[in-house]
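Student: Structure incoming, see below.
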Amino acid sequence: RISNLKRNAVAGIFGGKKRFRENWSTVSPESGDLQAIEGDLKEYGMKVSYDSRDSERQPSSGILATLHLLQTTDTDSADFDYSLAHTEIKGYLPVARNQTVMLRLRAGHSDDRLPLFRRFFLGGIGSLRGYDYKESEGNRYALFNANYIWQFHHSELGAGIFFDAGQVYADWTGIRLH
């Protein structure tokens, strides 16, 4: 059973007078998308991965690739009907001592109108840095990230330069380029 949570937090231990965001804060509270988020969900999926990285925590060479497929089932007793595919490939190339180039390609696709909790979002740290968190959403997307990373000697700290590019297809209405 899928349902939307109401915001009940009015204060936090470390938040002081912080204003807490609404659940799904990137979508207008009056949106029909929030109303359509509730229902019974029956889905199954498959995830396949390949990992040749030299380190899981701080890789400097290798590849990590994943493919994730989801499909709803039993649409007579379920309220959602969709299928989607999502893939991610990360490559790590050593350049010099303590310097690595990380390239990442992520993409997702569905021909169906996806419910809000399954749509693809871009924006913010981890996708398109410099854009608002979850600024763009849709049912198809592609994202490319390139990072040049300098690890400080014997430290988990470092510095880097990055480049991000992505696009989201927003439910058949067009393309949003960033």
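Student: When ranked by the protection proxy of mean other Cβ atoms within 10 Å per residue, highest first, what sequence do the peptides 56-66, 71-81, 128-138, 153-163 form?
Tutor: Sorting 56-66, 71-81, 128-138, 153-163 by mean packing, highest first, produces 128-138, 56-66, 71-81, 153-163.
Student: Could I ask something else about it? Is the shape of the stretch 34-178 rounded, prolate or oblate, going by the alpha carbon gyration tensor and its root eigenvalues a ≥ b ≥ c, with a/c under 1.5 for rounded and a/b larger than b/c for prolate?
Tutor: Working: a/c = 2.82, a/b = 1.87, b/c = 1.51.
It is prolate, given that a/c is not under 1.5 and a/b is the larger ratio.
Student: Another question about this same structure. With a sphere of radius 13 Å drawn around the Cβ of Trp150, what net charge do the other residues whose Cβ falls strictly inside it have (Lys, Arg +1; Asp, Glu -1)? Please report the intermediate quantities before stating the final value.
Tutor: Values: positive: Arg97; negative: Glu156.
Charge balance in the 13 Å sphere: 0.
Student: Let me check I've understood the local charge: for Lys42, count other residues with C-beta under 14 angstrom from its C-beta, Lys and Arg +1, Asp and Glu -1. What total comes out? Mind showing how you got there, number by number?
Tutor: Values: positive: Arg1, Arg118; negative: Asp40, Glu43, Asp74, Asp76, Asp79, Asp81.
Combined, the nearby Lys, Arg, Asp and Glu give -4.
None of the figures in this text is laboratory data; all of them are computed from the coordinates on show. Source: prediction; values computed, not measured. Here the Cβ is made from the backbone with ideal geometry for all residues, glycine too, and neighbour counts use every protein chain on show.
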